[in-house]
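Every number in this text was worked out from the coordinates using simple rules, so none of it is lab data. It should be emphasised that the depicted structure is a prediction, and the values quoted were computed from it without experimental measurement. Cβ sites come from the backbone with ideal geometry, for glycine too, and all protein chains shown count toward neighbours.
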Amino acid sequence: MDFRTALRDERLVAIVRGSDPDAAFRTVLSLVEAGLPLVEVSLSGAGALDVIGRARDELGAGAWLGAGTVLTADDARRAAEAGANLIVTPGLGAGVTEAVRLGLPVLAGVSTPTEVIAGVAAGAAALKLFPASVGGPSYLKALRGPFPELPFVPVGGVDAAAAAQYLALGAVAVGVGSPLVGDAADGGDLGELRKRTAEFMRVATDAAAGPVRS
């Protein structure tokens, strides 16, 4: 399954950024075990490359496992070497170019129409609308006017209510960090993480009952 198909099927990307590498590793596994297979480990978290490597060993070669906050070509190379098969960036730049060269799908950060056009030209598999909280659902609606067929994934401040709004407006998926992960990647309660995961998955399931328009 390619990345765009996975986005359309799952509608959610979990973003793990933690201060405790062991807790972050357990968080990744808990998310996947709970039925959320698209997980990004942000390189801004502690020991992120080790977390990716351990998770890859545990989950196997076929699992989706992303590296986020990829800024440079070196970031992209090191993430790929650690086992990431998806690259997520906050903006456009050398990290996108190198990931595309490596043959990895890229969820590339964009904010403006000019960046949307540049992201498509750079070979992004999907477009991370970031930070989504600045414009909110109304900004996604406005962007989809000139770009109705592009796969947008709003990220940044996306709680369950906002996720439902974005998906209803045609986002192919949403990326969710702290509203989903909470303090789990810092050593917090995994039971609470599983409850939040179930809540977000209900939102995704409800959205999947309607047409996917991107």
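Of note:
- In region 2-94, the alpha-carbon atoms span a convex hull of 89 Å³ per residue.
- About the centre of its Cα atoms, region 77-141 shows a dipole size close to 40 debye [charges on the beta carbon of Lys, Arg (+1) and Asp, Glu (-1) only; nearest 20 debye].
- Under the span-like rule (Cα at least 15 Å along the axis, Kyte-Doolittle mean at least -0.5), DSSP H helices of the chain: 21-33, 48-59, 190-208
- Order of 128, 195 - criterion: other Cβ atoms within 10 Å of each residue's Cβ, fewest first: 195, 128
- Within the chain, helix-based [θ] at 222 nm, where runs of 4 or more DSSP H residues each add -39,500 (n - 2.57), nearest 500: -14500 deg cm²/dmol
- Candidates 112, 27, 69: whichever shows maximal mean-square fluctuation once the chain is modelled as a Gaussian network with Cα springs under 10 Å: 112
- Summarising the label geometry, the points placed 7 Å from Cα in the beta-carbon direction at residue 141 and residue 29 lie 4.4 nm from one another.
- For region 98-151 versus region 28-76, the gap between their alpha-carbon centres in whole angstrom: 21 Å
- Of the residues 118, 90, 65, the one whose Cα sits farthest towards the positive end of the charge dipole of the chain is 118 (charges of +1 on Lys and Arg Cβ, -1 on Asp and Glu Cβ, taken about the Cα centre).
- Relative contact order (%) - region 3-207, alpha-carbon pairs under 8 angstrom, separation at least six: 23 percent
- Of 117, 52, the sequence from fewest to most neighbouring Cβ atoms within 10 angstrom is 117, 52.
- With a cut-off of 12 Å between beta carbons, the residues surrounding residue 19 carry a summed charge of -3, where Lys and Arg count +1 and Asp and Glu -1.
- Legend: translational diffusion of region 88-170 by Stokes-Einstein, Rh = Kirkwood radius over C-alpha pairs, 25 °C, 0.890 mPa s; D = 193 µm²/s.
- Summing charges over neighbours of residue 190, with a neighbour being any other residue whose Cβ is under 13 Å away from its Cβ, gives -3 when K and R count +1 and D and E count -1.
- Column: log10 I(q)/I(0), Debye, Cα scatterers of region 3-207, q = 0.11, 0.13 Å⁻¹: -0.44, -0.62
- Inter-label distance for residue 44 and residue 101, nm, one decimal - labels placed 7 Å from Cα along Cα-to-Cβ: 2.5 nm
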